[in-house]
Amino acid sequence: MGNKLKKNKFKKVLVLGSGALKIGEAGEFDYSGSQALKALKEAKIESVLINPNIATIQTSKSLANKIYFLPVTPYFVQKVIEKEAPDGIFLSFGGQTALNCGLELERRGIFKKFHVQVLGSSLRSIQITEDRELFAKELFKIAVKVPKGGFARTFNEALKIGRKLGYPLLIRSGFSLGGLSSGVASNKEEFINMVSGALKKAPQIAIEEYLKHWKEIEYEVVRDRDGNKITVCNMENLDPLGIHTGESIVVAPSQTLNNYQYHFLRKLSLQVIEHLRIVGECNIQFALNPKNNDCRVIEVNARLSRSSALASKATGYPLAYIAAKIALGFSLPELKNSVTLSTSAFFEPSLDYMVVKIPRWDLQKFVGAKEIIGSEMKSVGEVMAIGRSFPEALQKAIRMMETGQDGLLGNGIDDTKLLPTTQRLFVIARRFSKGESVENIYKVTGIDPWFLYQIKEIVEFEDSLQSSSSSSSSSGAFSRQIVLKAKKLGFSDKLLARTFKVNEKKIREFRKKHDIAPRVKHIDTLAAEYPAKTNYLYLTYHGNESETASTDCSLQPTVVKQKPEDGSREAIVLGSGPYRIGSSVEFDWCCVTAAETLRSKGFKTIIINCNPETVSTDFDCADKLYFEELTFERVSDIYDIEKKANLATDGVNLVLGFGGQVPNNLAMSCFQAGYKILGTSPKSIDRAEDRNKFSKLLDKLGIEQPAWQSFKNSDEAVKFAGKIGYPVLIRPSYVLSGSAMNVAYSGAGLKKYLKHASYVSLEHPVVISKFVEGAKEIEIDGVGQKGKLLIYAISEHVENAGVHSGDATIVLPPQRLFLKTVRQIKKATKKILKALDINGPFNIQFLAKDNRVSVIELNLRASRSFPFVSKVTGFNFVEMATRVMLGEVLSGDFKTIDLDYVGVKAPQFSFSRIKGADPRLRVEMSSTGEVACFGDDLEEAYLKAILATGFKMPKRSVFLTIGGEKNKLDLLTSAQKLSSLGFKIYATEHTHEFLNKHSIKNTRVYKISERKTPSVLDSLKNDKIDLVINISEPRSSRGETAGYLIRRSCVDLGIPLITNLQAAELLVSALANMKLEDLQIKSWDEYVSS
Amino acid sequence: MQGKLILSDGTVFLGESFGVEESTSGEVVFNTGMVGYPESLTDPSYFGQILVLTYPLQGNYGVPKSEFWESGKIQAKGLIVQNYIDHPSHFESRKSLGEWLKEQKIPAIQGIDTRELTRKLREHGVMLGKIITGEDINEIYDPNSENILPNVSCRKVKEYGVGKKNIVLIDCGAKENIIRSLVKRGVKVTRVPWDFNPIIGLPANGFDGVLVSNGPGDPKQAGKTIEIVKQLLEKGVPIFGICLGSQILALAAGGETYKLKFGHRGQNQPVQDVISKKAVITSQNHGFAVDMKSMGKDWEEWFVNLNDGTNEGIRHKNKPFLAVQFHPEANPGPTEGGYLFDEFIKYVK
């Protein structure tokens, strides 16, 4: 009654997204934002979304009523509020970005002024959770402990804190170039030494009680306005306190807590959340002393978080959706359990399985990054494995990471230093293999013996396998008993095959013969107490019964279901696995879109994926979800299960073209196994992926390509490079986001890199190709239909070749291409399409220089830029590709070049999270995400896009440091523009002289090595500089230390930095032509009407 | 050693023994709690039952000393799990779960598809069954076929704690934490056997309220206790019933109880206060329920289960008689129902 009125109060709600994917803020917010939009749609409330992340599912047409591809910053959000006049706003579904933006708007009084109500937790509650001091004060009121500590600027202050707290103490000094320094003092003497040392280097130090090896436990809590509250899930970090949760291996539910601890922390969670008056969802982290029951509250996140996304997938409880419903005024008892559809949403999921999350790192992609993990997050993605034992789930998760690891041992890791690194799990395994005890490893790592015992069990079994296989040469060594035990412990067929020196197929056949097959189980939130009406599934070897799918398909797709023509047809869409550099949310959009299309065509659609940060792993995204590995073995298991269950005429089809390189790599094996694959033939995929075959094809078609050859021997490689001339590009033969790619400018450089490249790719030879300098890079994304070009979009890179396509700024439609080039590109594309009989999505990368184009890469799958080209042109390339793959004949005239607006996609970097990493752009990809914005012209779209990645408009001063004569000359016009715009220009020695020569007024600053004032660092630190343009000369390493220090300081101090010449030119020209106020506030549909 | 679980419908589950190697039988029930096996196994309400735990890893934190148990021994007749963990890790652990089971002569099997078993019990309702880890047995014990309270109740009157108010706890198989929860709140507890009538056995005005405890079996088998509660109702003594106690109270007041298809056994059961609309997550362990329709007009429904709408609590409209079907004393399970002890103590003059 009264309640109902409240619920219908809102007419229009604004939702803030989290922008580009970055370390610490990734795909989980596409999941939460999408769920929030779904809740609004159900409530028939108009939704307006601001999110410049064009690759997300939430920015698809079907979810929000209106979408603004604009920066999530106070300025732009205010503009949208003025224009749209919403009456409510969601701040808690877009990560810290949305929350911070909301707090700032509140501070500016915008919500009050425009009568916008903040839905969910009040801003006051949020402020308390964001401010350490306020937080401690509030928790003190209800007698809940937080870690004791304080900040000291002087030696005496430090001593005072030390006296108060007692020892041991953790001392941390604020960030200084070269990394965070921290240490533990166990007595007064040590403390005095450390404090006096630390205070010399840093102005302020933090002193905290040292909770060595305490456990870190999290709870996900939901509370409604009436004060009904539940904890949906608890999670235990395998790594002790001190390792960021985002860096920890995490299990759910907790494994080492007894009933008292589990429920004591649960009760504390509810108590804290009640006191803070949270409305919706929040996360609370505890430190728990493993030797008694002492505990501390570490923090509360009053919003959806990475942990809440994990908890949602771990339990099947749709946290974000429920949080949105609560924010709209519903109470928990009024809502239904989304899995059973019959029981209440006011309940706490009971798991009859466990999950293991392992983060995915990509640190090798950063020059200067360290493998040590700690209190700062560096991982770029994560996987979640479900099993009914810890070894089963752990080993699944290891394979899911897609880092080439197939088990705990035998992976080339021989480092035995027990440091907290990204490789620690494998190091521990190695130590067990060498006979070390659980006690010893516990003492050093603080990882609870419960986990260590089981890791040891896996290692011992693997060791015993090795010895049994070497002692007997016959294949009889693998008895049913051994294979079954291996499977229960989570070992793969591949590893067994390697151990027993047979091929994988043989193991599979043996298993099938002996009925050693994984069983299908439902995730039903209630441990089988009530039947599930959804099909959220996983596979396990700990079980006897394989559950059939829930036939009560009450979850209809949002699109109208068409009657299938020839019985029921089934399609399995393979997802993209963990987010990592080079493969993230864009492929999730592709998969979700493909699944939607398949369902709308009457296909029973199945998704396989293992990434808890995705929308594709929402159990209602397809008819069935297998939260599983994307290995050939597991895909085969599922294919077998589905084939057996499906008696339809058309059988089961695999869809491999939308999940990026992971499913693409399975194409050949699936094809050889005789599985039905939709779209372009895997034989053609192989011809595109295999550099030799592809090269021959291009020669045959008369299409140019940069000279290349592959080598196993470095002397021959150097000889070849000498012949084609430097610079040359070095890469392994199978390329995914340029792993181990580099450019060598000399024989010496090449030799240096070759050492490295052959190390990272043992199985594949190294490819040396001509690196064309000063060439433009152009991409064509499209859909082929039986070898003919159905639709395409040509995009140009702002940066010249040499910057990885994933790090490049991409413009669509192209603004600076010759018509002749476009014609050449189309011509070459058509030839390739025909030759490979392409029937589905594709992407080709071209180089263009002096009116000549050459092909550098072909992907016979949807590429990273498919969401971008789809959303900019208004034609859904994935939907079209899917329909083509199903055999539909499509035709039409698709306008993708002559558009009245421009879309610009800009990369998002996370260098600030990776201490020490050099932010200079290279052939190796290092961006973690992307945004795209629209404008009436290139400059407007570009400015919006870089503002959306965190760029700040310079106001007064610009610092130029340009290496090389050619670069200086190229940038002269830009420097003149900056000067005439009234910017104060600072420059280092040579740039300074050059500018003087051309009568551009500038102030010289000194490199650190020059030991003179004002030094570059002084100027940067003293807030004198708003923008740094640092163009380094790639050929020489001379002066690079100075360049690195400047770049790194910019990252650490948050000063906008441009390291590419073409980008600098575009930026300056944009700054010259427009101001912030000139950027138009236009929604997607105001640009693209379709 | 191989072990077998045979259900009364003939289904056989094969696994591996990790308890005592003797066979046993009883009513097979499942519990969906993810922690708390020491508390559950020692809960007298499980007397005569074979407990199936749906969480697949059990034994993780070993077994603590007996002060933490819910009674002096393991009450369940057997234990069925998916994976038994033989390397416990916890500062309070004194022994492994396997060692404890052997010590207490309780058979247990691991390696059984507990999800399949639970689904079966869900679909067919609870079943009798036997665990064969020793010689085969023919007879199957049915805990609902007799009054089993003598097996789980105390033998003598015993007093706990100090306080101005004296609460009689009629022990039908009471969990220790009921006593701890009351004593903590500053009242004296007089624990009496299931067939002890405080009106006769204690001095007049010697007690201020009565708590009828949880316990195993079919409430209708507890005729004597029902009779005693009837007399207490007539005298207007404040009464609080927990679980079986709630059913006994309902029967004493002239109401009816019935057997649920598979009962509520877990730590995540949502109940809602019908009057205040406030909802709480509760710990539950019952196979029978009060039929609200059968209650006289002086009684009102207090709590309902949000999942299936069954009764979770009753109270008298104007007298201090109240009862809940769930476990405010928790152990195992969520603790926020503890406020009900305060509520009851308020009624006790």
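The values are calculated or read from the model by the stated rules, or taken from the named source; none is laboratory data. Just so it is clear, the model here is predicted, and its values are computed rather than measured. Glycine gets a Cβ as well: all are built from the backbone with ideal geometry, and neighbour counts include every protein chain shown.
Points worth noting:
- A:N259 being over 30 Å from A:F390 (Cβ atoms) and more than 31 Å from the chain's Cα centre (by Cα): no
- Residue within region A:607-622 that is under 23 Å from A:L886 (Cα atoms), in a strand (DSSP E or B), assigned by TED's automatic domain parsing to the domain that holds A:Q661 and not aliphatic (A, V, I, L, M) present: yes
- Set side by side, the residues B:G129, B:G78, B:G36, B:G26 differ, and just one is at pLDDT 95 or above and surrounded by fewer than 24 Cβ atoms within 10 Å (Cβ to Cβ), which is B:G26.
- Region A:407-427: number of residues that are crowded, with 21+ Cβ neighbours inside 10 Å and in contact with a helix residue (DSSP H, G or I) (Cβ under 6 Å, 6 or more places away or on another chain): 2
- Some residue of region A:587-598 being buried (at least 24 other Cβ atoms within 10 Å of the Cβ) and either among the basic types (K, R) or over 21 Å from A:T59 (Cα atoms) (or both): no
- Yes/no for A:L598 being within 26 Å of A:G316 (Cα to Cα) and in a strand (DSSP E or B): no
- Within region A:719-742, tally of residues that are under 29 Å from the mean Cα position of the chain (by Cα) and at pLDDT 90 or above: 1
- Residue count, region B:63-89 (criterion: at the interface with another protein chain (Cβ under 9 Å from one of its Cβ atoms) and touching a helix residue (DSSP H, G or I) at 6+ places or on another chain (Cβ under 8 Å)): 8
- Qualifying residue in region B:307-315 (condition: within 12 Å of chain A (Cβ to nearest Cβ), under 22 Å from B:S40 (Cα atoms) and either part of a helix (DSSP H, G or I) or not β-branched (V, I, T) (or both)): no
- Put simply, of B:A289, B:A252 the only residue that is assigned by TED's automatic domain parsing to the domain that holds B:P198 and either without any contact (Cβ under 8 Å) to a residue 40 or more places away in the chain or within 18 Å of B:S40 (Cα to Cα) (or both) is B:A252.
- Candidates in region A:348-371 are the residues that are of a type in the set (A, V, I, L, M, F, W, C) and more than 8 Å from chain B (Cβ to nearest Cβ); of these, the one that is nearest to A:S926 (Cα to Cα) is A:F366.
- Restricting region A:329-347 to residues that are assigned to a loop (DSSP other than H, G, I, E, B) and crowded, with 24+ Cβ neighbours inside 10 Å, the residue that is farthest from the other protein chains (Cβ to nearest Cβ): A:V339
- Subset of region A:850-884 that is in a strand (DSSP E or B) and in contact with a strand residue (DSSP E or B) (Cβ under 7 Å, 6 or more places away or on another chain) - its residue that is surrounded by the fewest Cβ atoms within 10 Å (Cβ to Cβ): A:E857
- For region B:10-53, a tally of residues being more than 12 Å from chain A (Cβ to nearest Cβ), in contact (Cβ under 8 Å) with a residue 12 or more places away in the chain and not in a strand (DSSP E or B) returns 11.
- Here B:G333 meets the list (1) within 14 Å of chain A (Cβ to nearest Cβ); (2) farther than 27 Å from A:P253 by Cα; (3) buried (at least 24 other Cβ atoms within 10 Å of the Cβ) almost entirely, failing just condition (2).
- Hey, A:S927 in the same structural domain as A:I1055 (by TED's automatic domain parsing), at pLDDT 95 or above and either of a type outside the set (A, V, I, L, M, F, W, C) or under 20 Å from the mean Cα position of the chain (by Cα) (or both) or not: no
- Residue within region A:400-410 that is touching a Gly at 6+ places or on another chain (Cβ under 6 Å) and more than 14 Å from chain B (Cβ to nearest Cβ) present: yes
- Enumeration of residues in region A:455-466 that are in contact with a Ser or Thr (Cβ under 8 Å, 6 or more places away or on another chain) and within 11 Å of chain B (Cβ to nearest Cβ): none
- Filtered by the rule that a residue be at pLDDT 95 or above and under 22 Å from A:I856 (Cα atoms), region A:640-661 gives A:G657, A:F658, A:G659, A:G660.
- The residue list B:F303, B:F288 contains one member that is surrounded by fewer than 24 Cβ atoms within 10 Å (Cβ to Cβ) and in a strand (DSSP E or B), which is B:F288.
- Selection within region A:904-918: residues that are among the polar types (S, T, N, Q) and not in a loop (DSSP other than H, G, I, E, B). The member of this set that is surrounded by the most Cβ atoms within 10 Å (Cβ to Cβ) is A:Q908.
- Of the residues making up region A:222-246, those that are assigned to a loop (DSSP other than H, G, I, E, B) and more than 10 Å from chain B (Cβ to nearest Cβ) are A:R225, A:L238, A:D239, A:P240, A:L241, A:G242, A:I243, A:H244, A:T245, A:G246.
- Counting the residues of region B:101-152 that are within 14 Å of chain A (Cβ to nearest Cβ), part of a helix (DSSP H, G or I) and not basic (K, R) gives 7.
Condition check ((1) more than 14 Å from chain B (Cβ to nearest Cβ); (2) at pLDDT 95 or above; (3) outside any loop (DSSP other than H, G, I, E, B)) across all residues:
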position: A:E208; (1), (2), (3): yes, no, yes
position: A:S248; (1), (2), (3): yes, yes, no
position: A:Y262; (1), (2), (3): no, yes, yes
position: A:L265; (1), (2), (3): no, yes, yes
position: A:Q271; (1), (2), (3): no, yes, yes
position: A:E281; (1), (2), (3): yes, yes, yes
position: A:Q285; (1), (2), (3): yes, yes, yes
position: A:I298; (1), (2), (3): yes, no, yes
position: A:R303; (1), (2), (3): yes, no, no
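- Any hit, region A:488-504, residues being part of a helix (DSSP H, G or I) and within 11 Å of another protein chain (Cβ to nearest Cβ): yes
Yes or no, residue by residue, for (1) closer than 29 Å to A:D362 by Cα; (2) touching a strand residue (DSSP E or B) at 6+ places or on another chain (Cβ under 6 Å); (3) outside any helix (DSSP H, G or I); (4) at pLDDT 95 or above:
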{"position": "A:K417", "(1), (2), (3), (4)": "yes, no, yes, no"}
{"position": "A:R430", "(1), (2), (3), (4)": "yes, no, no, no"}
{"position": "A:E439", "(1), (2), (3), (4)": "no, no, no, yes"}
{"position": "A:Y442", "(1), (2), (3), (4)": "yes, no, no, yes"}
{"position": "A:I447", "(1), (2), (3), (4)": "yes, no, yes, yes"}
{"position": "A:F451", "(1), (2), (3), (4)": "yes, no, no, yes"}
{"position": "A:I455", "(1), (2), (3), (4)": "yes, no, no, yes"}
{"position": "A:F461", "(1), (2), (3), (4)": "no, no, no, yes"}
{"position": "A:Q466", "(1), (2), (3), (4)": "no, no, no, no"}
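- Residue check, B:K261 out of contact with any Ser or Thr (no Cβ under 9 Å at 6 or more places or on another chain), more than 10 Å from chain A (Cβ to nearest Cβ) and assigned to a strand (DSSP E or B): yes
- Residues that are assigned to a loop (DSSP other than H, G, I, E, B), among the acidic types (D, E) and in contact (Cβ under 8 Å) with a residue 40 or more places away in the chain occur in region B:200-216; there is at least one.
- Residues within region A:919-942 that are in a loop (DSSP other than H, G, I, E, B) and surrounded by 22 or more Cβ atoms within 10 Å (Cβ to Cβ), tallied: 5
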